[in-house]
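The values are calculated or read from the model by the stated rules, or taken from the named source; none is laboratory data. As the structure is a prediction and not an experimental result, all values here were calculated from the model. Counting neighbours? That spans all protein chains shown, and the Cβs are built from the backbone with ideal geometry, glycine included. Side chains included, ligands, DNA and RNA excluded: accessible areas come from the protein's heavy atoms. Shrake-Rupley method; radii C 1.70, N 1.55, O 1.52, S 1.80 Å.
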Amino acid sequence: MSVIGRRDGIPDPVLQEMDKTIELSKQENSGHRGSAGDQLRRSAELLDAVRRAGEPGRPRRASPEDLSEEMISQRLYTAGMEDPDLLIRTAGEMRISNFLLWQISYAELWVTDRCWPEFREPDLHQAIRDFAGRQRRFGGLAPAACP
């Protein structure tokens, strides 16, 4: 488990619980789960990544022509992690709320009406079963998808 994003603005008691959960999860080896930090600012993660690419004091400060997808990916909050394959959206919300805008470009979305506190293991299993039955296209169209 890891917290993705900025931690500033999150109340101290919540941060303490998040840190405790992260510490406890270090003993597991069953995949990676992320939890969003501050999602209130649109594109804050992308702006932070581009700013870090152009920071003075780097061995070579990036110019706009130097920017690449790889350069930005290496400076996102999830640097070094695989992009998500599945994004589970709770509470029936049909939006992504600034959550990993760059990283979920090819993720499959699964929406449930359950709110997060009520989301349980059977719900997760259903999401995984649905995901397993999908044909992943990574941005491409399905054959004959659009006449």
**Prompt:** Which numbered condition trips up T78, out of (1) within 14 Å of I4 (Cβ to Cβ); (2) modelled with pLDDT under 85; (3) in contact with a Leu (Cβ under 8 Å, 6 or more places away or on another chain)?
**Reply:** (2)
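Regarding I96, is this residue hydrophobic (A, V, I, L, M, F, W, C), assigned to a loop (DSSP other than H, G, I, E, B) and closer than 29 Å to A53 by Cβ?
On the way: hydrophobic (A, V, I, L, M, F, W, C): yes; assigned to a loop (DSSP other than H, G, I, E, B): yes; closer than 29 Å to A53 by Cβ: yes.
So I96 passes the test.
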**Residue satisfying condition, being open to solvent by 40 Å² or more (accessible area, probe 1.4 Å), over 30 Å from R52 (Cα atoms) and out of contact with any Pro (no Cβ under 7 Å at 6 or more places or on another chain), within set D83, D113** = D113
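Taking the conditions exactly as written (over 28 Å from A44 (Cα atoms), modelled with pLDDT of 90 or more and not charged (D, E, K, R)), does A107 satisfy them or not?
Values: over 28 Å from A44 (Cα atoms): no; modelled with pLDDT of 90 or more: yes; not charged (D, E, K, R): yes.
For A107, the condition - over 28 Å from A44 (Cα atoms), modelled with pLDDT of 90 or more and not charged (D, E, K, R) - is not met.
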